[in-house]
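Read through the structure below, which is laid out as structure tokens, and then see the notes.
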Amino acid sequence: MNLIYRQNVLSSDWINYKKIVCATYMYLLFFGLMAPLQAETITIGKGSGIVWEGMPFDVKLAGTMDSSSLLTSYGLASISTSKSTCISSSELKLVNGYLVYPIGQGVGIIPRATVLANYKTDNGTVETLNGTIGLPITSATAGKTTITNPVGLYQWCLPPRMTAINKFYDISYNRTSRGVGTWVIIADGTQTSSEVNLEPLYYSSYSSTYTGDRIVQIFPSNITLRISTLECTINTTANIDFSTVTYSKTPGAELGQKSYPIVVNCGQASDKISANINLQFRAISGLYNGQATRLALNQGGGYITGEMDTGTTGGGACNMTTGLPFNNTPVKIGNINATDSNKSISNRLTWRLCSGGSRLPVGAVTASAEMLVTFN
């Protein structure tokens, strides 16, 4: 699948969709500790860049360290192919500019994860490790220390210090480590039609003794990657500018509305497949009050809703919660058959700028999201 476009735009007044990305991927949903594992197929196409993102995870580990030693191959927050140590730098490979775990010719997988760990040092200080693994980078702050990767010979690995310390942890303190994120597949365009069986990956909080290790599988077993020649492009307005609108502190009041066509064109040259074609949106500026159908303003106090015609989504009125989801949930807009070389799907998107109430700011505001054309 290809990265169709990434567009940066500037808004003159009320709203700016700063980053709209189109790619193609299959979305599979898992919450918390992995659900019972079933055979699944991820489908990507022939393009390059980010070609798939999905399988959200949210896991929390806890337990005593059982050893005071800090060794840099045992991160308090780590994503690895191994149940016993951080992943070696030699196992990762640059694909299209991203350091990924290779899963086929010209294809690799990388996490997009935020992590948070709490622990106590041997001198009695409780510290927090806060950072990211994979995308956009692997780094963290731990106490007053900045952790970067590689750390020693390892990647996707966040110990609380960059060098080994013989006596560092309070061995009896119940440390915690949480990882929240999704998986991303990257391609460089050299992939060919094939099927690849993918290996499981784990979120871990390691100790220098195995009794202190805490591990959970976050990428399932029995996953098959299907590489096809299917490719989709999208044509729609990326810059949603509401211009000057009426100010209102009434919660749920509609401040502005814009409507634009959206056309998705898909084609496959050979090895044709049947697939559903979806749209997915991922909030960059956040979800307003955690509501999946409300894209938060960067400045707070208000939100954006979306609605598609043809009944693809529920109503997107500001006082409703049934519009377009901004949490990566796929919205099916059509399908392509194995007998089709091309397919064009037209819809219309309506965007609304909404007041959140008394905290609605005065002046220009912005919001941002990623939009993806996807298939499964």
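The values are calculated or read from the model by the stated rules, or taken from the named source; none is laboratory data. All of these numbers come straight from a predicted model, not from anything done at the bench. Note that we place each Cβ from the backbone using ideal geometry, even for glycine, and neighbour counts take in every protein chain shown. Ligands, DNA and RNA are stripped out before the accessible areas are found, and what is left, the full protein with its side chains, is counted by its heavy atoms. Shrake-Rupley method; radii C 1.70, N 1.55, O 1.52, S 1.80 Å.
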Would you please name the chymotrypsin sites (Phe, Trp or Tyr not before Pro) within segment 225-294 that are DSSP coil residues with at most 13 other C-beta atoms within 10 Å of their C-beta? 247
Mind checking Rg over Rh on segment 221-376, alpha carbons, Kirkwood formula for Rh? 1.05
Show which lysines lie in cross-link reach of residue 258 when reach means a straight Cα distance below 21 angstrom and same-chain residues fewer than eight apart are skipped. 18, 19, 249
Volume in Å³ per residue [convex hull over Cα atoms, computed for segment 170-282]: 256
Quick calc, segment 291-370, dipole around Cα centre from Cβ unit charges on Lys, Arg (+) and Asp, Glu (-), nearest 20 debye, gives 140
Sorted by chain and number, the residues with a modelled amide H under 5 Å from that of residue 63, at a separation of 5 or more or across chains, are 175
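Write down the percent of antiparallel bridges among all DSSP beta bridges whose residues are both part of the chain, to the nearest 5. Mind showing how you got there, number by number?
Details: 114 of 120 bridges.
Once the DSSP bridges in the chain are tallied, antiparallel ones form about 95 percent.
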Segment 77-155 and segment 292-368 have their Cα centres apart by a whole-number Å value of 33
Expected max-MSF residue from 114, 163, 246 in the GNM of the chain (alpha carbon, under 10 Å) is 246
Relative contact order (%) - segment 223-376, alpha-carbon pairs under 8 angstrom, separation at least six: 36
Treating cross-link reach as a plain straight distance, find the lysines whose alpha-carbon is under 21 Å from the alpha-carbon of residue 343, omitting any fewer than eight places away in the same chain. 46, 272, 332
Under a no-solvent Debye model with one identical scatterer per Cα of segment 74-133, what's log10 I(q)/I(0) at q = 0.15, 0.23 Å⁻¹? -0.57, -1.00
Compactness of segment 278-334, expressed as Rg and Dmax over alpha-carbon positions, Å: 10.9, 35
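Roughly speaking, what % of Cα-Cα pairs in segment 295-376 are separated by over 14 Å, rounded to a whole number?
On the way: 2253 of 3321 pairs.
Considering segment 295-376, 68 percent of its Cα-Cα pairs are separated by more than 14 Å.
Tell me the carbon and sulfur percent of the accessible area for the chain, rounded to whole percent, probe radius 1.4 Å. Numbers along the way, then the final one.
Values: 7260 of 15050 Å².
Heavy-atom surface of the chain belonging to carbon and sulfur, 1.4 Å probe: 48 percent.
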Cα lying deepest toward the dipole's positive end in segment 73-222, options 117, 90, 190, charges on Cβ: 117
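Per residue and in Å³, how big is the convex hull formed by the alpha-carbon atoms of the chain? Don't jump to the answer; show the numbers that get you there.
Numbers: hull volume 52.5 nm³, N = 376.
Per-residue hull volume (Cα only) is 140 Å³.
Probe of 1.4 angstrom, ligands and nucleic acids ignored: what's the accessible area per residue over segment 333-376, in square angstrom?
Numbers: 1670 Å² over 44 residues.
Accessible area per residue: 38 Å².
What is the dipole size for the chain, taken about its Cα centre, with +1 at each Lys and Arg Cβ and -1 at each Asp and Glu Cβ, in debye to the nearest 20? Can you show the working numbers first?
Working: 26 positive and 21 negative charges, 116 e Å.
Result for the chain is approximately 560 debye, rounded to the nearest 20.
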Provide Rg over Rh for segment 36-112; use the alpha carbon set for both Rg and the Kirkwood Rh (inverse mean inverse pair distance). 1.03
Given H placed on each backbone N at 1.01 Å, which residues far from residue 240 in sequence or on other chains put an amide H within less than 5 Å of it? 17
Among 348, 214, 175: highest mean-square fluctuation, GNM of the chain, C-alpha pairs under 10 Å: 348
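If we count every other residue with Cβ under 10 angstrom of residue 210's Cβ, Lys/Arg +1 and Asp/Glu -1, where does the sum land? Show your work: numbers first, answer last.
Working: positive: 83; negative: 66, 213.
My count for the surroundings of residue 210 gives -1.
Is the shape of segment 65-174 rounded, prolate or oblate, going by the alpha carbon gyration tensor and its root eigenvalues a ≥ b ≥ c, with a/c under 1.5 for rounded and a/b larger than b/c for prolate? Before the final figure, lay out each step's value.
Working: a/c = 2.55, a/b = 2.05, b/c = 1.24.
Verdict is prolate for segment 65-174.
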